[in-house]
1. Sort out which residues of region 217-229 are within 15 Å of the ligand (Cβ to nearest atom) and either surrounded by 21 or more Cβ atoms within 10 Å (Cβ to Cβ) or within 25 Å of G33 (Cβ to Cβ) (or both), and write them in order of number.
2. If I filter region 499-519 for residues that are of a type outside the set (D, E, K, R) and at pLDDT below 95, do I get at least one hit?
3. Of V456, V439, V504, which residue is under 30 Å from L413 (Cα atoms), under 31 Å from the mean Cα position of the chain (by Cα), aliphatic (A, V, I, L, M) and more than 16 Å from the ligand (Cβ to nearest atom)?
4. Which one of these is within 28 Å of V147 (Cα to Cα), part of a loop (DSSP other than H, G, I, E, B) and of a type in the set (K, R): K501, K511, K518?
5. Being surrounded by 24 or more Cβ atoms within 10 Å (Cβ to Cβ), more than 18 Å from the chain's Cα centre (by Cα) and farther than 15 Å from L342 by Cα is the filter here, so list the residues in region 289-307 that pass it.
6. Against the definition (on the phi < 0 side of the Ramachandran plot, in contact with a strand residue (DSSP E or B) (Cβ under 7 Å, 6 or more places away or on another chain) and free of Cβ contacts under 8 Å to residues at least 60 places away in the same chain), how does Q57 come out, yes or no?
7. Being more than 12 Å from the ligand (Cβ to nearest atom) and touching a strand residue (DSSP E or B) at 6+ places or on another chain (Cβ under 7 Å) is the filter here; which residues of region 230-240 pass it?
8. Find all pairs meeting these conditions: Cβ atoms under 7 angstrom apart; at least six residues apart or on different chains; first residue within region 115-142 and of a type in the set (D, E); second residue assigned to a helix (DSSP H, G or I).
Amino acid sequence: PQIFALRYSAFSTAAESSKTHPNPPRVPNLVGGSFVDSRSSAFIDVVNPATQEVVSQVPLTTNEEFKAAVSAAKQAFPSWRNTPITTRQRIMFKLQELIRRDIDKLALNITTEQGKTLKDAHGDVFRGLEVVEHACGMATLQMGEYVSNVSKGIDTYSLREPLGVCAGICPFNFPAMIPLWMFPVAVTCGNTFVLKPSEKDPGASIMLAELAMEAGLPKGVLNIVHGTNDIVNAICDDEDIKAVSFVGSNTAGMHIYSRAAAKGKRVQSNMGAKNHAIVMPDASEDATLNAIVAAGFGAAGQRCMALSTVVFVGGIKSWEDKLVERAKALKVNAGTEPDADLGPVISKQAKERISRLIQTGADSGARLLLDGRNIVVPGYEQGNFIGPTILSNVTADMECYKEEIFGPVLLCLEVCLLPLPWLYAANPADSLEEAINIVNKNKYGNGASIFTTSGVTARKFQTEIEAGQVGINVPIPVPLPFFSFTGSKASFAGDLNFYGKAGVNFFTQIKTVTQQWKDLPGGGGVNLAMPTSQ
Ligand code: NAD
């Protein structure tokens with residue numbers, strides 16, 4: 001097969017001007033250190049969601065190529081695991097420097113393939129870069145434990161050892177951040193890796209892999225394969241793959257969780273969400289409105305931690321006009337345009353799904369305060385745009401509430417239990433309780449936020465809310481990598497979360513050693529009783 005002497009700059013330049021390319025570039029596999037054109041006859045178009053131009057074509061990697069990628073990872077493992085941790089860390093130090101050098105190119109590729117604004121695409125890369133920075137301290141993170149003299153002359157210590165070949169399966173919405181949640185932690189722990197980027201926007205993964213090779217990652221330590229269900233199933237079933245990291249929808253995530261676990265693998269599966277904010281009547285008006293609008297419509301709502309639902313305690317009335325006004329002021333445009341606040345959604349199918357869910361809300365009695373469905377963006381008439389949309393009077397039985405919309409749609413619920421406002425003022429705790437109940441009844445548990453100026457209210461919320469990532473006057477509480485990404489309930493399956501200490505634990509196996517270095521007592525004979533501490 002043709003060896004791709006592919007430089008990320010060449011790749012992204014081709015991506016930009018694909019209109020003039022009758023044959024869009026093909027996205028290579030990465031096997032054993034070489035970017036290789038797939039022999040597959042089946043390809044999927046990677047489409048710019050603002051223009052419908054075909055940016056590149058991604059192969060359905062063949063089974064033979066997949067096996068070669070796993071085999072390369074398996075072969076690279078023994079020498080990589082024995083490479084000093086300081087050397088592995090230094091490669092991460094170099095990688096973080098190279099990502100900074102190329103952040104503009106990475107961001108442009110993300111905007112071209114995924115659609116988000118350039119500024120947001122920078123954030124996508126930056127939040128992944130922070131995981132690489134954290135992996136630079138792996139020697140400390142991976143440290144074992146030691147207890148001397150657990151019995152006379154006997155010491156016990158534990159080591160955190162790499163697992164072997166690990167794999168990552170990525171979603172479309174963070175083409176750089178999510179691959180960077182996965183392989184830097186895995187490989188710095190001493191594992192080797194097979195990455196399966198989203199077939200919708202694989203470019204950033206290729207560029208990051210090129211940077212990793214430039215940083216000195218040895219051949220075979222990181223490999224990339226492409227495709228959809230078949231390759232994912234092959235990853236789940238492969239005997240040589242020891243662990244699978246997945247981020248994406250519940251349908252895929254639960255399938256992967258059970259299929260890979262049935263083959264004895266450990267799995268961490270980050271899945272869908274319906275993140276709620278509770279807005280208390282005492283919340284700071286200006287800051288709260290800005291936070292809701294930014295977190296609801298940023299990235300066109302295609303973030304797993306997007307704020308998709310707001311529960312207004314005390315009613316929406318005093319918030320409604322200003323909320324609509326601020327949402328209306330947002331500029332919908334192609335992500336490459338400097339004035340864009342939100343870009344298109346990923347595909348025509350996504351646009352249809354989102355539009356349908358908006359309609360089901362309206363049909364079942366929600367009030368459409370702002371309808372972004374018919375927006376036309378001049379110069380980008382073919383783009384999958386949906387403007388900010390707000391539905392009020394939403395109830396928990398509505399389809400738009402039960403389903404993850406994953407678009408620029410904010411659902412508003414109200415808690416105004418008591419018919420008379422002064423009764424609410426007399427007993428705000430009841431209303432908070434009711435709002436917390438609404439959030440807790442939702443099956444997802446990725447994130448939840450409260451906006452309030454009361455510490456008492458915030459503390460009650462923090463204690464009683466059943467979500468893994470909690471914001472107090474913070475709309476998108478995604479923890480930095482010295483913590484972990486701790487979604488819960490239906491938003492996560494597994495035991496060990498992504499990045500932070502949990503991430504290191506996920507990618508390592510504990511080995512506990514008990515050693516005796518003392519003059520053995522002579523003449524004691526054979527003792528068959530269970531050894532106990534002496
Ligand atoms: P998706 O599940 O459609 O795709 C994710 C990956 O799984 C892709 O690589 C895809 O090829 C593969 N896949 C899809 N369907 C499959 C199937 N039936 N069998 C096997 N593999 C399959 O998700 P997406 O649309 O790319 O991403 C959006 C979803 O990801 C949303 O639900 C969002 O909430 C979620 N997400 C969650 C987090 C988190 O950390 N919790 C972060 C980002 C995105």
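1. I224, V225, H226, G227
2. Yes - at least one qualifying residue is present in region 499-519.
3. Just one listed residue meets the conditions, V439.
4. Testing whether each residue is within 28 Å of V147 (Cα to Cα), part of a loop (DSSP other than H, G, I, E, B) and of a type in the set (K, R) leaves just K518.
5. Answer for region 289-307, where residues must be surrounded by 24 or more Cβ atoms within 10 Å (Cβ to Cβ), more than 18 Å from the chain's Cα centre (by Cα) and farther than 15 Å from L342 by Cα: there is none.
6. It is true that Q57 is on the phi < 0 side of the Ramachandran plot, in contact with a strand residue (DSSP E or B) (Cβ under 7 Å, 6 or more places away or on another chain) and free of Cβ contacts under 8 Å to residues at least 60 places away in the same chain.
7. D240, the sole residue that qualifies.
8. D120/G298; D120/A299; D124/I110; D124/M177; E133/Q96
The values are calculated or read from the model by the stated rules, or taken from the named source; none is laboratory data. Since the structure is predicted, the reported quantities are computational estimates derived from the model, not experimental observations. Note that we place each Cβ from the backbone using ideal geometry, even for glycine, and neighbour counts take in every protein chain shown.
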